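Heads up: the structure comes next, in structure tokens.
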Amino acid sequence: MKYKLIIDKDAEEQIVATVHAPSSLTQRIEDLVREHSGRDSLMGHREDEVRRLSFSEIECITVIDRKVIAIDGHADHYRLQDRLRDLEEILPSYFIRINKSTLANEHRITRFHATFSGGVDAIFRCGHRDYVSRRCFSEIRRRYEGL
């Protein structure tokens, strides 16, 4: 592995890493970059409360009744202002799409459960359960087979 640091006060800051496959090291690098850029949380709204939700404490982000909702480790629901597709671009790589309307924190999924109808559900630490589409499940399997 090679490492190169160039300090140039006139150039735009950028971090480029070329790797063969994602690993725990690439995840740590990504987390450090996000923390440095200041974007490591989202603002969630619930009744009269506004709370900063760090990416690591969010179990999943889903659409319920046409509203984007973040579910935290206590199964509390917080309304988000951003669209799901916009969030997908700013969230760390450990947030994976499990169906058309849900992004899941893969660190917070405890297991996948096969249903009687042949589908698969993702079970989160807080007890929340959401279905995994077939297309997304095949991508998740490929991701884990590469480890």
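The values are calculated or read from the model by the stated rules, or taken from the named source; none is laboratory data. Predicted model, so just to flag it, every value in this text is computed and none were measured. Here the Cβ positions follow ideal geometry from the backbone for every residue, glycine too, while neighbour counts run over all protein chains shown.
Structure notes:
- The range 79-97, residues that are part of a strand (DSSP E or B) and surrounded by 16 or more Cβ atoms within 10 Å (Cβ to Cβ): Phe95, Ile96, Arg97
- Contacts under 7 angstrom Cβ, first residue in the range 106-119 being surrounded by 11 or more Cβ atoms within 10 Å (Cβ to Cβ), partner not in a strand (DSSP E or B), 6 or more apart: Glu106/Tyr94; His107/Tyr94; Arg108/Arg125; Thr110/Arg125
- Any chance Glu106 is charged (D, E, K, R), in contact with a His (Cβ under 9 Å, 6 or more places away or on another chain) and within 25 Å of Arg141 (Cα to Cα): no
- Tally, over the range 120-147, of residues that are of a type in the set (Ser, Thr, Tyr), out of contact with any Asp or Glu (no Cβ under 7 Å at 6 or more places or on another chain) and surrounded by 12 or more Cβ atoms within 10 Å (Cβ to Cβ): 1
- Positions within the range 5-40 being β-branched (Val, Ile, Thr), assigned to a helix (DSSP H, G or I) and at pLDDT 80 or above, in sequence order: Thr26, Ile29
- Sole residue being at pLDDT 95 or above and of a type in the set (S, T, N, Q), chosen from Ser117, Ser101: Ser101
- Residue match in the range 30-53 (condition: touching a helix residue (DSSP H, G or I) at 6+ places or on another chain (Cβ under 9 Å) and hydroxyl-bearing (Ser, Thr, Tyr)): yes
- For the range 56-78, the criterion of a residue being out of contact with any Cys (no Cβ under 7 Å at 6 or more places or on another chain), surrounded by fewer than 11 Cβ atoms within 10 Å (Cβ to Cβ) and either within 23 Å of Phe137 (Cα to Cα) or of a type in the set (S, T, N, Q) (or both) is satisfied by no position.
- Index of the failed condition, Phe55 passing every other in (1) over 17 Å from Glu106 (Cα atoms); (2) in contact (Cβ under 8 Å) with a residue 24 or more places away in the chain; (3) among the aromatic types (Phe, Trp, Tyr): (1)
- The range 27-50 residues that are exposed (fewer than 14 other Cβ atoms within 10 Å of the Cβ), paired with ones that are modelled with pLDDT of 80 or more and in a helix (DSSP H, G or I) (beta carbon under 9 Å, 6 or more apart): Arg39/Phe55; Arg39/Ile90
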